[in-house]
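Input: a single structure, listed below in structure tokens.
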Amino acid sequence: MNETFMKEKPVLPLLLSMSLPMVISMLVNSLYNIVDSFFVAQISEDAMTALSLVYPVQNFINAVAIGFGVGINAVIAYHLGAQEHEKANRAATWGFVLSLVHGAVMMVGCIAIMPAFLRMFTTQEQVIDYGIRYSRIAFAFSLIIVTSLAFEKVFQSVGRMKVTMGGMLAGCVTNIILDPVLIFGIGPFPAMGIEGAALATGIGQVLTVVIYLVIYLVRPIPVRLGRQYLTRENGLFMRLYSIGIPATLNLALPSLLISALNAILAAYGQIYVVILGIYYKLQTFLYLPVNGIVQGMRPIIGYNYGAKEHKRVSQIYRITLTISAGIMLVGTIICLAVPGQLIAIYTTNPETIAAGKIALRVICAGFIVSAVSVTSSGALEGLGKGVPSFIISLFRYVVVIIPVAFLLSRVFGPAGVWNAFWIAEAITAAIAFVVYRKALRESGGREAAASKGENVQK
């Protein structure tokens, strides 16, 4: 493969070729989560409750792995664009080592805290027992999870999106097949119950890692891992964590928002909490194509930034923003046209459907403008600007929407919360555009100064 294709291929076809595999992967992953929950629910309601209680801790492990992986991706792509292959190799190798350290710490820590964690939310011993049994097996694969996601981000950094799609598809399909086999004991396999669900997930993750490892060995990529690259480099750890930590926090912020809005809506009735939950289930699919586009954009924009192709960086941003806005326009039209049908996917209660229709029509007013925040945040991560990206997400998920929702709910009730969504998206979009432009100007200024200094030395 041509190693410089990310700065030579026309932007639109390049972006689509990088993004489509990500969209497919995310769709399959969403399907896997639904199927996994379905089979666990067949064991008992207590088992499903246990799975729900364990999920936040599982999500924390994934958030740390994915967030740090974004840092690995950005640093590698930058150095490849700058033709600094030695530094790219060093970033990849240290990224893997640090990911394994994170995985080991989380495995031990999460298994240790689970009994106390579960007792914070329930006194039912059966639920606690299910949760402990599931988590012990699931968390034992933490090292596999961080390895899989580190590999995923390395492959993405060099444009091998189809490899990550194939690995993820294989893992998810394996999990879906093994769920009923191991849970209920089909054929020669014993019935393992909730432990079977955890083991099926773990085996799927192992298969993904094996596929990545085989492809890495058989089809070499521009980035190599090796003990010889474990030498210290000034600023490398700082660059990895300055992107990785904000990216991890970005992934955690939506959970904080949902908890805060649930607390506000609970005062007006359980029905509104249900509607919010339904909206976020729908949102997962509505925003999925946009998130896939942004994932495809990150390594492209990072590579071109490293190659000092600043005009092309701006072009990539504009095209990504246009596509994202177009996708959200389609989502807006769907939500305005058939809101009742969308809500009815998750409930048959006429009262919930009626109130949900109103909520969805109000919330979707902010969809199109949200493309600015989502694109800007992803672009900044690709440029290695983790803190500015986090600032955008902080405004979007906490600083603006929560106070606005609280104040408006005092006057308009639940409708105030729904209106807070589009108000927050509009305000955050303006902030995001300013933050993105400012970060870009500052980077350009520093690079110019550095280049001038190098010329003086020469």
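Things worth noting here:
- Leading residue by the ranking (surrounded by the fewest Cβ atoms within 10 Å (Cβ to Cβ)) among those in the stretch 51-80 that are within 13 Å of the chain's Cα centre (by Cα) and of a type in the set (A, V, I, L, M, F, W, C): PHE60
- Failed criterion for ALA420 (all others in (1) under 24 Å from the mean Cα position of the chain (by Cα); (2) surrounded by fewer than 23 Cβ atoms within 10 Å (Cβ to Cβ); (3) without any contact (Cβ under 8 Å) to a residue 24 or more places away in the chain hold): (2)
- Single match in GLY444, GLY413, GLY356, GLY366 (criterion: modelled with pLDDT under 90, in the same structural domain as ASN304 (by TED's automatic domain parsing) and either surrounded by fewer than 20 Cβ atoms within 10 Å (Cβ to Cβ) or out of contact with any Cys (no Cβ under 6 Å at 6 or more places or on another chain) (or both)): GLY444
- Any chance ILE203 is of a type in the set (A, V, I, L, M), surrounded by fewer than 24 Cβ atoms within 10 Å (Cβ to Cβ) and within 21 Å of ILE24 (Cβ to Cβ): no
- In the stretch 379-407, the residues that are within 13 Å of VAL417 (Cβ to Cβ), surrounded by fewer than 18 Cβ atoms within 10 Å (Cβ to Cβ) and either in contact (Cβ under 8 Å) with a residue 24 or more places away in the chain or of a type in the set (Ser, Thr, Tyr) (or both): PHE406
- For the stretch 303-349, the candidate set comprises residues that are in contact (Cβ under 8 Å) with a residue 40 or more places away in the chain and among the basic types (Lys, Arg); within that set, the residue that is surrounded by the fewest Cβ atoms within 10 Å (Cβ to Cβ) is LYS308.
- Every listed requirement among (1) part of a loop (DSSP other than H, G, I, E, B); (2) not assigned by TED's automatic domain parsing to the domain that holds ALA65 is met by MET192 save one, (2).
Yes/no per residue for (1) in contact with a Lys or Arg (Cβ under 9 Å, 6 or more places away or on another chain); (2) in contact (Cβ under 8 Å) with a residue 60 or more places away in the chain; (3) over 21 Å from SER389 (Cβ atoms):
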residue: PHE5; (1), (2), (3): no, yes, yes
residue: PRO13; (1), (2), (3): no, no, yes
residue: ILE61; (1), (2), (3): no, yes, yes
residue: ILE66; (1), (2), (3): yes, yes, no
residue: VAL70; (1), (2), (3): yes, yes, no
residue: THR93; (1), (2), (3): yes, yes, yes
residue: VAL97; (1), (2), (3): no, yes, yes
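The values are calculated or read from the model by the stated rules, or taken from the named source; none is laboratory data. Since the structure is predicted, the reported quantities are computational estimates derived from the model, not experimental observations. A quick note on method: Cβ atoms are made from the backbone with ideal geometry, for glycine too, and the neighbour counts reach across all protein chains shown.
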